[in-house]
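Inspection log for the structure reproduced underneath, given as structure tokens.
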Amino acid sequence: MAHNWSSARKRRLPPNWRQLRQQVLRRDPTCVLCRVRQSTIADHVRAMTDDHRLEALQGVCDPCHRQKTAREGAAARAAAVQPGRRRPPESHPGLL
Ligand SMILES: [Zn+2]
């Protein structure tokens, strides 16, 4: 495979990320999204940013994080194509 390490997409984590993550999980012991499950992931409030301040991070659980990631991916795809809009197969008879 080619050297496709284009770092644009890859989020750079700071050297103290582990420590930051611990702080986030300590501050948000419960997932901020569902408020039910235990936080296991320090998530960026705004996706695709290099903002690693504590205020820019939130504790989330794994299922919510996966959903959020999937939604962000879906939103990006939806911007390109618009799925889910089904038109009836027959054309309107009164249409001129
Ligand atoms: Zn959750």
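Under 8 Å between Cβ atoms, at least 6 apart or on separate chains: pull out the pairs that start in the range 49-69 with a residue that is free of Cβ contacts under 8 Å to residues at least 12 places away in the same chain and end on any residue that is among the charged types (D, E, K, R) and within 8 Å of the ligand (Cβ to nearest atom). Partner pairs satisfying both residue conditions: none exist. For the range 33-64, the candidate set comprises residues that are β-branched (Val, Ile, Thr) and farther than 15 Å from Arg12 by Cβ; within that set, the residue that is surrounded by the most Cβ atoms within 10 Å (Cβ to Cβ) is Val60.
Restricting attention to the range 11-28, does a residue exist that is surrounded by 10 or more Cβ atoms within 10 Å (Cβ to Cβ), touching a strand residue (DSSP E or B) at 6+ places or on another chain (Cβ under 9 Å) and modelled with pLDDT under 90? Yes, some residue in the range 11-28 is surrounded by 10 or more Cβ atoms within 10 Å (Cβ to Cβ), touching a strand residue (DSSP E or B) at 6+ places or on another chain (Cβ under 9 Å) and modelled with pLDDT under 90. The single condition among (1) at pLDDT below 90; (2) surrounded by 12 or more Cβ atoms within 10 Å (Cβ to Cβ); (3) aromatic (Phe, Trp, Tyr) that Trp5 does not satisfy is (2).
Any residue that is more than 16 Å from the ligand (Cβ to nearest atom) and modelled with pLDDT of 95 or more - is there at least one of those in the range 42-53? There is no residue in the range 42-53 that is more than 16 Å from the ligand (Cβ to nearest atom) and modelled with pLDDT of 95 or more. Residues of the range 54-64 that are within 9 Å of the ligand (Cβ to nearest atom), in a helix (DSSP H, G or I) and of a type in the set (A, V, I, L, M, F, W, C): Cys64 alone.
Gln67 passes every criterion in (1) within 10 Å of the ligand (Cβ to nearest atom); (2) not in a helix (DSSP H, G or I) apart from (2).
The values are calculated or read from the model by the stated rules, or taken from the named source; none is laboratory data. These numbers were taken from a predicted model, which means no experiment stands behind them. Virtual Cβ from ideal backbone geometry, glycine too; neighbours counted across all protein chains shown.
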